[in-house]
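Comments concern the structure below.
The values are calculated or read from the model by the stated rules, or taken from the named source; none is laboratory data. Keep in mind it's a predicted model, so treat the numbers as computed, not measured. Every residue, glycine among them, receives a Cβ derived from its backbone with ideal geometry; neighbour counts consider all protein chains shown. All accessible areas refer to the heavy atoms of the entire protein, side chains included, with ligands and DNA or RNA removed. Shrake-Rupley method; radii C 1.70, N 1.55, O 1.52, S 1.80 Å.
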Amino acid sequence: MSEGQPTYKLIYFNVRGRAEHIRYIFAYAGVDYVDERIPVERWPELKKSMPYGMLPVLEIDGKPIAQSNAVARYLARKHNLVGRDEWEAMMCDVLVDSLGDLKQFISQYREQEDQIKKEEMKAKLLKETIPFYLNKFEQIVSDNGGYTVGSTTTWADFVFAAALEDFETIFAATALENYPGLRALKKRVHEIPAIADWLVRRPHTEF
């Protein structure tokens, strides 16, 4: 750690989940940080010490900061990953928030305990909701020559690459076969040398 640089500790569970795009930013920028992974059984005792009782949390010089996308946006600004101007920075937010809407629908499906309702939700997701969003994202990425925003790597690319990996895990390895632009986006991000190195080093988890 260079003199004058803040110290970082990223606190999350031993999963990729809502922290992986933050880890991508750290890897890409070559920033040292503590990747603290909390065992699930310890969470009840630690929950009350977190700002809003949720994870991930990033400690910056010991100060806890909540909300994964706020953290990612802050780091992205520091490391030139928010596009070339204010418009592109806003478009990063639009894409990340829109993807967040889709992820919320998928989360509701995964958390549904009634098996009949779960199958109904899955059918609607695969037939309507997912194609609605992915077709839009596919068009945007194709129009941008393989980037979510503009023509440079942004934190939105990292959010999408991490989410698409999870998407294939949840549904099927072939789930993106109709979306070559999104597949190429994920491949491009995962082949960035610093991120490729992270993918090799990171703990193996299902999600």
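Taking the listed residues S151, S142, the one that is open to solvent by 50 Å² or more (accessible area, probe 1.4 Å), in contact with a helix residue (DSSP H, G or I) (Cβ under 9 Å, 6 or more places away or on another chain) and among the small types (G, A, S) is S142, with no other qualifying.
Between V82, V34, V15, the distinction of being surrounded by fewer than 13 Cβ atoms within 10 Å (Cβ to Cβ) and among the β-branched types (V, I, T) belongs to V34 only. Scan the range 102-132 for residues that are open to solvent by 80 Å² or more (accessible area, probe 1.4 Å) and in contact (Cβ under 8 Å) with a residue 24 or more places away in the chain and the total you get is 4.
Can you find a residue that is at pLDDT 95 or above, open to solvent by less than 40 Å² (accessible area, probe 1.4 Å), not basic (K, R) and not in a helix (DSSP H, G or I) anywhere in the range 169-180? Scanning the range 169-180, I find at least one residue that is at pLDDT 95 or above, open to solvent by less than 40 Å² (accessible area, probe 1.4 Å), not basic (K, R) and not in a helix (DSSP H, G or I), so the answer is yes. Return a yes/no flag: does the range 190-206 have any residue that is β-branched (V, I, T), more than 20 Å from R73 (Cβ to Cβ), at pLDDT 95 or above and open to solvent by 20 Å² or more (accessible area, probe 1.4 Å). Looking through the range 190-206, at least one residue is β-branched (V, I, T), more than 20 Å from R73 (Cβ to Cβ), at pLDDT 95 or above and open to solvent by 20 Å² or more (accessible area, probe 1.4 Å). Looking at this structure, is W43 over 30 Å from V149 (Cα atoms), modelled with pLDDT of 95 or more, of a type outside the set (K, R) and more than 16 Å from the chain's Cα centre (by Cα)? Against the criterion (over 30 Å from V149 (Cα atoms), modelled with pLDDT of 95 or more, of a type outside the set (K, R) and more than 16 Å from the chain's Cα centre (by Cα)), W43 qualifies.
In this entry, F160 is excluded by the filter for residues that are outside any helix (DSSP H, G or I) and within 18 Å of R18 (Cβ to Cβ).
Select from the range 156-165 the residues that are open to solvent by less than 30 Å² (accessible area, probe 1.4 Å) and out of contact with any His (no Cβ under 7 Å at 6 or more places or on another chain) and write down the one among them that is nearest to N14 (Cα to Cα).
This residue is A163.
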